[in-house]
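Asker: Here you go, one structure.
The values are calculated or read from the model by the stated rules, or taken from the named source; none is laboratory data. A quick note: this is a predicted structure, and the numbers were derived from the prediction, not measured. FYI the Cβ positions are ideal-geometry reconstructions off the backbone, even for glycines, and counts take in every protein chain you see.
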Amino acid sequence: MLKVKNLFLKKGSFVLGKLSFAIEKNSYFVILGKTGSGKTMLLESLAGIQNIEGEIYCSDERMTLLPPEKRNFGFVYQDFVLFPNMNVRENITFSKKYKKIENKETLLKDLVDFLHIESILDRDVETLSGGEKQRVAIARAIFSRPRLLLLDEPLSAVDPTFRNAIMKSLKDIAKRYDTTIIHVTHNFREASYLADKIAVMLDGRILQIGKSNDVLNNPSTLEVAKFLGFKNIFDNSLLGFNQPGKYFSIDPNKILFSYDNIDKEYCFKCKIDRVMGITDHYKVFAKVQNKTFFAKVPKNMFNKLKLEEGKECFLYIDKKDIVFM
Amino acid sequence: MRDRGFILIFVFLSSIIVLFLMVPLLKLFASVGLFDIVKTLQERDVYESIFLTLKVALYGVIFVCITGIPLAYLIARYEFWGKSLLESMLDIPVMVPHTAAGIALLVAFENGYMGQIFKYFHIDFIDTATGIMSAMVFLSAPFLINGAKEGFKKVDVKYERVARTLGASRMSTFFSIVLPNSKNDIINGALMMWSRALGEFGAVVIIAYHPMVAPVLIYDRFNNFGLKYSAPVAASMIFVSMIIFLTVRYINNKKGSHIRTGELATFE
């Protein structure tokens, strides 16, 4: 449905690109990245707000040189950007003056019911809460019947108590209103709940792109793994491989300790460096060949092993739990 | 009262400037009296002169609305070569002596190639309403342009971007989003320009002694007949302009601004 080829943009010292990716119709695509990684700039480039190099196609139609008003892409900014000179109803139906929208009244009623905004329709936008503004901004974008809906951190200014309800609504939008969604966020939880596909973006580059589960559980590079919060990232040589520049990671919950040398593929002699007691588990830092492993040990296991700082023991990991990158 | 000392000092200092600005006006009204103001306003010379002043100043404001608002938008929204220089040059008319501005206008528009072009189109500046308007515009346009510029800067560019993704063209976005959300600053700028233009004397008197605008009439009466005959005209002019000024500002403020500029404290 959407194809982006070698998208490139330079703004001051920041460079975006060259980015290439494709998105299927009616899918939910999440771009996950830190603040300042160029996510909003990418959305603005797709919307035609920024002048770019490269090509953008939507349903095989070339979009690259079209102005924003000709692209039919909806945009919801992080701070919602509701027009202050109009009330809620006027904001939502703004596009009807400029676009031919079929069954306007039915669509408005459906949106109002779907997003639960009937009671605020005639209110001034300045009196709305963050969650209400967010729903109005989404309704306004959908009312214009966009082929592609671009959401820029739409949940970051919403009260956490309403976030789950809004996330559920967002997930339903693509199919209900026959659109495709690109959602930008730095929140892994949002990404994992909403996305069919995820792209990880750092410093203006897309580092990994794929199905939600694949990306979140199997980072392909060291940078992605660090960004996704993977712990215990070490050089593959520790496992006996001779692959310079290749790394592996192991979940702190999957690390086991023993005083006996168990016959496992990856069993290392270690020295307990530091122990920190947390409510239901212990954080144990163990040194293996000058590398520090971090493990989460359940309380009952910890008490059974009687791990103490300075003690020597064996640390072992199962091959199936290792994430290679 | 928590900040009593601070508030008292500021109120005291503020009252000095308020008195300085208000006393001459109040004294003028008190010495002339409402009866004489109404009587003066019925004199043909006076009402024609005041009407001419109001009318030409309004034409000037309309001219700058059409040409200066686009300029203000370009300055507010774009970075371009020579922008700082352009902004400084726009403020120069406010600084130059007004009689010098009148001379400059005559040199520019009555002589040389430009003078010939204007003459070809039968546009004269000396002793005409056009000349008066050019003097008024030259010296007061910066008030409207700067007001509009500040108004545009307050409107987040993202409003325009969203409006365009919703199908509005650049022009439609300007009229449906940018102008309504900056109208308070533009109206205030227009009022400032208009009121500044009403009082323009130095440049006008160089270009067009006749037809007489109100400030020239006041000067003329003062010169020929003294304070007694010029004061009622001055009071009448101030009275009429104040009524118009306060009415427009009241309507504008009543409609309210959509852009919030911050919460105001109350005296505790």
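Asker: Among the numbered criteria (1) surrounded by fewer than 17 Cβ atoms within 10 Å (Cβ to Cβ); (2) modelled with pLDDT of 95 or more, which one does residue A:29 miss?
Answerer: Answer for residue A:29: the failing condition is (1).
Asker: Then there is this: Could you tell me whether region B:2-16 includes any residue that is in a helix (DSSP H, G or I), farther than 12 Å from residue B:232 by Cβ and within 25 Å of the chain's Cα centre (by Cα)?
Answerer: Yes: region B:2-16 contains one or more residues that are in a helix (DSSP H, G or I), farther than 12 Å from residue B:232 by Cβ and within 25 Å of the chain's Cα centre (by Cα).
Asker: Is region B:168-178 home to any residue that is surrounded by fewer than 21 Cβ atoms within 10 Å (Cβ to Cβ), polar (S, T, N, Q) and either more than 10 Å from chain A (Cβ to nearest Cβ) or not in a helix (DSSP H, G or I) (or both)?
Answerer: Looking for residues that are surrounded by fewer than 21 Cβ atoms within 10 Å (Cβ to Cβ), polar (S, T, N, Q) and either more than 10 Å from chain A (Cβ to nearest Cβ) or not in a helix (DSSP H, G or I) (or both), one finds at least one in region B:168-178, hence yes.
Asker: Sticking with this one: Residues A:142, A:138, A:209: which one is β-branched (Val, Ile, Thr) and more than 30 Å from residue A:87 (Cα to Cα)?
Answerer: Criteria check complete, one pass: A:209.
For (1) farther than 24 Å from residue A:206 by Cα; (2) in contact (Cβ under 8 Å) with a residue 40 or more places away in the chain, each residue gets a yes or a no:
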| residue | (1), (2) |
| --- | --- |
| A:216 | no, no |
| A:223 | no, no |
| A:231 | no, yes |
| A:237 | yes, no |
| A:240 | yes, no |
| A:248 | no, yes |
| A:251 | yes, yes |
| A:259 | yes, yes |
| A:264 | yes, yes |
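Asker: Suppose we filter B:124, B:91 for residues that are in contact (Cβ under 8 Å) with a residue 40 or more places away in the chain and of a type in the set (D, E, K, R); which single one remains?
Answerer: Matching residue, one of B:124, B:91: B:91.
Asker: Are there helices (runs of 4 or more DSSP H) fully within region A:128-245 with at least 3 residues that are small (Gly, Ala, Ser)? List them.
Answerer: A:130-143, A:160-176
Asker: Identify all residues within region A:137-170 that are charged (D, E, K, R), more than 11 Å from every other protein chain (Cβ to nearest Cβ) and more than 17 Å from residue A:110 (Cβ to Cβ); write none if there are none.
Answerer: A:147, A:153, A:159, A:163
Asker: Only residues in region A:52-81 that are in the same structural domain as residue A:19 (by TED's automatic domain parsing) and at positive phi count as the first member; pair them with residues that are part of a strand (DSSP E or B) and of a type in the set (Val, Ile, Thr), Cβ under 9 angstrom, at least 6 apart or cross-chain, and list the lot.
Answerer: If the second residue must be part of a strand (DSSP E or B) and of a type in the set (Val, Ile, Thr), the pairs left are A:54/A:4.
Asker: Then there is this: Residues in region A:213-225 that are more than 16 Å from residue A:293 (Cβ to Cβ) and within 14 Å of the chain's Cα centre (by Cα): how many?
Answerer: Residues that pass the stated criteria total 7.
Asker: Restricting attention to region A:71-106, and to residues there that are within 10 Å of another protein chain (Cβ to nearest Cβ) and farther than 27 Å from residue A:155 by Cα, which single residue is surrounded by the most Cβ atoms within 10 Å (Cβ to Cβ)?
Answerer: Checked region A:71-106; the qualifying residue surrounded by the most Cβ atoms within 10 Å (Cβ to Cβ) is A:98.
Table: residues versus (1) closer than 29 Å to residue A:51 by Cα; (2) of a type in the set (S, T, N, Q); (3) touching a Gly at 6+ places or on another chain (Cβ under 7 Å); (4) more than 14 Å from chain A (Cβ to nearest Cβ).
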residue	(1), (2), (3), (4)
B:125	no, no, yes, yes
B:131	no, no, no, yes
B:146	no, yes, yes, yes
B:166	yes, no, no, no
B:182	yes, yes, yes, no
B:191	no, no, no, yes
B:201	no, no, no, yes
